[in-house]
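The values are calculated or read from the model by the stated rules, or taken from the named source; none is laboratory data. Quick caveat: nothing in here was measured; it's all calculated off a predicted structure. Here the Cβ positions follow ideal geometry from the backbone for every residue, glycine too, while neighbour counts run over all protein chains shown. Please note that ligands, DNA and RNA were not included when accessible areas were found on the heavy atoms of the full protein model with its side chains. Shrake-Rupley method; radii C 1.70, N 1.55, O 1.52, S 1.80 Å.
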Amino acid sequence: MTLNAIFYVFAACLYLAAAFGIYKTLQEPSPETKIWVKPLITGGLMIQTYLIYEALFLHGTPHFGLALALSVTLGTCTLLLLLESFFSKIGSMLVFVLPLSAVSMLLPLIMPGSPLGPETSTFAFRMHLLLAILAYSVMTMAVLEALLLMAAHKRVRSKAFTEPPEDGKVSILDNMPSVMSMESTLFRFIWVGFIVLTAAILFGAIFSNELSGEAFRFDHKTVTTCMAWLIFGILLLGHHVFGWRGRFAARWTVIGFVVLMISYIGVRLVLEIAQ
């Protein structure tokens with residue numbers, strides 16, 4: 001096993017250990033974050049940041065693919081939630097994000113990606129790539145918030161919500177923010193993700209025009225990305241005009257996220273498995 005492989009595995013172990021600590025904390029009636037959890041997450045993020053930087057910049061032609069994209073996306077989510085955990089209960093979402101971050105640390109060992117071409121040195125492409133990853137990251141947080149919101153709605157309507165637990169333990173959902181707070185957070189994520197996705201599409205159009213003379217090509221990635229952009233745009237408009245919220249908004253957030261992921265992951269996964 002190479003030194004880099006050891007780093008990947010070690011970072012994954014740090015994330016899993018921190019996720020376990022948060023999970024046990026959220027089962028307590030009066031949760032208090034264990035002192036060792038945030039240092040573990042910080043250590044994992046430092047290792048992950050170095051490995052991403054090395055893959056993209058340190059060894060000749062950078063490699064980029066599905067595994068690295070997921071690593072950057074979930075690393076960004078982890079960092080933002082870690083910062084948020086100092087100010088609100090939303091940091092408890094780390095119990096869901098950290099296991100995914102751990103998996104993303106192991107994927108580059110299986111699918112290292114492929115080298116980028118010389119045309120990727122342009123400013124438009126680099127901005128498109130950066131903004132696209134940031135948009136995916138924010139929308140990943142939005143879909144996790146949407147899934148959590150649907151689970152919270154279901155629990156509020158359940159018998160278990162009104163009856164005290166027999167063993168003294170509480171559900172981790174009981175220590176999450178309120179439903180109204182989660183809804184507000186969901187639409188903040190969607191707004192930010194929508195703005196960043198719009199900018200990513202515009203820079204992608206500029207790069208495509210520089211490369212082929214066509215701003216928008218009728219291909220799989222363009223169609224699915226525009227479909228996702230339209231879904232999120234309609235959802236934001238419906239929320240503002242018609243008051244769409246709750247499980248309806250959460251379901252359409254999940255649908256938009258799936259379409260957005262297909263625009264990149266569907267293509268890259270097929271290509272990398274075929275290699």
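Numbers at a glance
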quantity	calculated
In the stretch 196-212, residue least open to solvent (accessible area, probe 1.4 Å) [restricted to those that are modelled with pLDDT of 85 or more and farther than 12 Å from Phe125 by Cβ]	Leu197
Subset of the stretch 151-195 (residues that are part of a helix (DSSP H, G or I), under 17 Å from Glu84 (Cα atoms) and at pLDDT below 75)	Asn175
Restricting the stretch 12-60 to residues that are open to solvent by 70 Å² or more (accessible area, probe 1.4 Å) and not in a helix (DSSP H, G or I), the residue that is modelled with the lowest pLDDT	His59
Test result for Leu148, open to solvent by 50 Å² or more (accessible area, probe 1.4 Å), at pLDDT 70 or above and within 20 Å of Ala19 (Cβ to Cβ)	no
Test: residue in the stretch 212-232 that is assigned to a loop (DSSP other than H, G, I, E, B), within 25 Å of Ser85 (Cβ to Cβ) and not acidic (Asp, Glu)	no
Ile273 being of a type outside the set (Lys, Arg), modelled with pLDDT under 90 and assigned to a helix (DSSP H, G or I)	yes
Residues that are outside any loop (DSSP other than H, G, I, E, B), open to solvent by less than 30 Å² (accessible area, probe 1.4 Å) and modelled with pLDDT under 70, drawn from the stretch 91-124	Gly91, Ser114, Thr120
All positions within the stretch 192-235 that are β-branched (Val, Ile, Thr) and out of contact with any helix residue (DSSP H, G or I) (no Cβ under 6 Å at 6 or more places or on another chain)	Ile195, Thr198, Ile201, Thr222, Val223, Ile234
